[in-house]
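Q: Quick one: the structure is below, questions incoming.
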Amino acid sequence: MQILVTGGAGYIGSHTVVELLAQGHEVVVLDDLSNASAEALRRVGEIAGREVELLEVDVTDEAAVLAALEGARPEAVVHFAALKAVGESVEQPERYYRTNVGGTLNLVRAMDAVGCRTLVFSSSATVYGAATQMPLTEDSPLGATNPYGWTKFMTEQVLRDVAASDERWSVALLRYFNPVGAHPSGRIGEDPRGVPNNLVPFIAQVAVGRREQLTVFGDDFDTPDGTGVRDYIHVVDLAEGHVAALAKISGPDGVRGAHAWNLGTGTGSSVRQVVAAFERASGREVPVRVAPRRAGDVATSYADPARARDELGWTARRGLDEMCEDTWRWQSGNPQGYATS
Ligand code: UDP
């Protein structure tokens, strides 16, 4: 298939492009490079053995999105392009709604105009809000605790309504848990700008010597060791989940309508367990200090991944050690990310 991947130069997008190319699909990437790098895409081309075309387009530019779709004529779209920093979304909510919700509206209109109505959407377990009943199934109550979360919640609702209005649409809402790890080649990985917000990139930068120590946000949660528990999923497993979802919703026999699938492992790991696994993988010590809880953090979050297993035939196969080993191969080989390596 001819596939347009928005945000394909970013962390999860670049790994997904690798898997799509490996499956024989043709890929065009739409990305404004605001939190991604053309170098990532060059390396994707190296891994795959063929170059990937990049359209440098901002999803909030409606005319440019339409022109991109008219040029690329995709049979399906995988939509990653969005802003994703929780704290920043509290400071700049309008920008988050405009990019994440408005960008998706532009995309939907352009897809409709060119007759492409097969869409895989990058959602998040953040749509379960402050839920405490674990594991989270796709039928768990939805909510949000910050503007970023609301943008995912609202975009899902937009896509459900669009799919309900016209039976030609097929939409996969993929709810990611905590993506970590890197391609096993060590050539592509997560390259956050500024101070990392997420646990594993922060630990990786401590291990490689870019930062002094990890701040553990709370060790008084109701969890086995007191630190927060999350469902970390290897980014290559996640990428494979997109390929499986696309297969499920495309072609003449593809399921129509909008469907949500959790992409997680079903297993939770605590902050201390992740630190220990990373120390084993890297052979480096990761000093920590404990600080108060971060606003909005729940004690525990993990998926029930049964629906994706049963309906997509997909299961996450890579464990925490492999996640840390692959992150370390990427981080140690590219200590400054894509910038100077
Ligand atoms: N965390 C931490 N220190 C950090 C970043 C994160 O202790 O510098 C903890 C956080 O409180 C949570 C877990 O690590 O329990 C995962 O956080 P992350 O931001 O990676 O993902 P989230 O689940 O919050 O989306």
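Q: Please specify each residue of segment 130-155 satisfying the condition of being touching a helix residue (DSSP H, G or I) at 6+ places or on another chain (Cβ under 6 Å) and among the charged types (D, E, K, R). Before you say what the answer is, go through the steps one by one.
A: The initial filter retains those residues of segment 130-155 that are touching a helix residue (DSSP H, G or I) at 6+ places or on another chain (Cβ under 6 Å), namely 138, 142, 144, 146-149, 151-155.
Of everything in segment 130-155, those that are touching a helix residue (DSSP H, G or I) at 6+ places or on another chain (Cβ under 6 Å) and among the charged types (D, E, K, R) turn out to be GLU138, LYS152.
Let's see how each residue does on (1) among the small types (Gly, Ala, Ser); (2) buried (at least 16 other Cβ atoms within 10 Å of the Cβ):
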site	(1), (2)
VAL65	no, yes
ALA68	yes, yes
GLY71	yes, no
PRO93	no, no
VAL108	no, yes
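Q: Next up: Which one of the conditions (1) within 13 Å of the ligand (Cβ to nearest atom); (2) more than 29 Å from TYR338 (Cβ to Cβ); (3) aromatic (Phe, Trp, Tyr) does TRP261 fail to meet, given that it meets all the rest?
A: The failed condition is (1).
Q: Given VAL77, VAL65, VAL57, VAL86, which one is within 19 Å of the chain's Cα centre (by Cα) and away from the ligand (no atom under 16 Å from the Cβ)?
A: Values: VAL65 fails: within 19 Å of the chain's Cα centre (by Cα); VAL57 fails: within 19 Å of the chain's Cα centre (by Cα); VAL86 fails: away from the ligand (no atom under 16 Å from the Cβ).
Checking each option against the conditions leaves just VAL77.
Q: Turning to a different aspect of this structure: Assess whether SER269 counts as being within 11 Å of the ligand (Cβ to nearest atom) and either closer than 25 Å to GLY186 by Cβ or without any contact (Cβ under 8 Å) to a residue 40 or more places away in the chain (or both).
A: yes
Q: Next up: For segment 293-323, name all the residues that are in a helix (DSSP H, G or I) and within 16 Å of the ligand (Cβ to nearest atom).
A: From segment 293-323, those in a helix (DSSP H, G or I) are 306-312, 320-323; that's our starting set.
LEU320, MET323 - these are the residues of segment 293-323 that are in a helix (DSSP H, G or I) and within 16 Å of the ligand (Cβ to nearest atom).
Q: Do the conditions hold for THR118, that is, is it more than 13 Å from the ligand (Cβ to nearest atom), farther than 20 Å from ALA82 by Cβ, in contact (Cβ under 8 Å) with a residue 40 or more places away in the chain and of a type in the set (Ser, Thr, Tyr)? Steps first, please.
A: Numbers: more than 13 Å from the ligand (Cβ to nearest atom): yes; farther than 20 Å from ALA82 by Cβ: no; in contact (Cβ under 8 Å) with a residue 40 or more places away in the chain: yes; of a type in the set (Ser, Thr, Tyr): yes.
No.
Q: Scan segment 133-164 for residues that are more than 19 Å from the chain's Cα centre (by Cα) and either basic (Lys, Arg) or under 14 Å from SER89 (Cα atoms) (or both) and report the count.
A: Counting residues in segment 133-164 that are more than 19 Å from the chain's Cα centre (by Cα) and either basic (Lys, Arg) or under 14 Å from SER89 (Cα atoms) (or both) gives 1.
Q: Give me the pairs, please: first residue somewhere in segment 44-56 and over 16 Å from GLY10 (Cα atoms) and of a type in the set (A, V, I, L, M, F, W, C), second residue anywhere and exposed (fewer than 14 other Cβ atoms within 10 Å of the Cβ) and modelled with pLDDT under 95, beta-carbon distance under 6 Å, and either six or more positions apart or on two chains.
A: Pairs found: none.
Q: Then there is this: Can GLY45 be described as away from the ligand (no atom under 16 Å from the Cβ), assigned to a helix (DSSP H, G or I) and either under 28 Å from ASN198 (Cβ atoms) or touching a His at 6+ places or on another chain (Cβ under 8 Å) (or both)? Give the derivation first.
A: Details: away from the ligand (no atom under 16 Å from the Cβ): yes; assigned to a helix (DSSP H, G or I): yes; either under 28 Å from ASN198 (Cβ atoms) or touching a His at 6+ places or on another chain (Cβ under 8 Å) (or both): yes.
So GLY45 passes the test.
Q: While we're on this one: Would you call GLU285 touching a Pro at 6+ places or on another chain (Cβ under 9 Å) and part of a loop (DSSP other than H, G, I, E, B)?
A: Numbers: touching a Pro at 6+ places or on another chain (Cβ under 9 Å): no; part of a loop (DSSP other than H, G, I, E, B): yes.
Taking the combined requirement at face value, the residue does not satisfy it.
Per-residue answers, yes or no, for (1) at pLDDT below 95; (2) exposed (fewer than 15 other Cβ atoms within 10 Å of the Cβ); (3) more than 20 Å from VAL127 (Cα to Cα):
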position	(1), (2), (3)
LEU263	no, no, no
THR267	no, no, no
ARG272	no, no, yes
ARG289	no, yes, yes
ASP310	no, yes, yes
THR315	no, no, yes
THR327	no, no, yes
GLY333	no, yes, yes
SER341	yes, yes, yes
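Q: Give PRO141, PRO135 a once-over and let me know the one that is at pLDDT 95 or above and within 16 Å of the ligand (Cβ to nearest atom). Break it down stepwise before answering.
A: Values: PRO141 fails: within 16 Å of the ligand (Cβ to nearest atom).
That would be PRO135, the only listed residue that is at pLDDT 95 or above and within 16 Å of the ligand (Cβ to nearest atom).
The values are calculated or read from the model by the stated rules, or taken from the named source; none is laboratory data. Note that this is a predicted model, so its numbers are computed, not measured. Cβ: placed from backbone, ideal geometry, glycine included. Neighbour counts: every protein chain shown.
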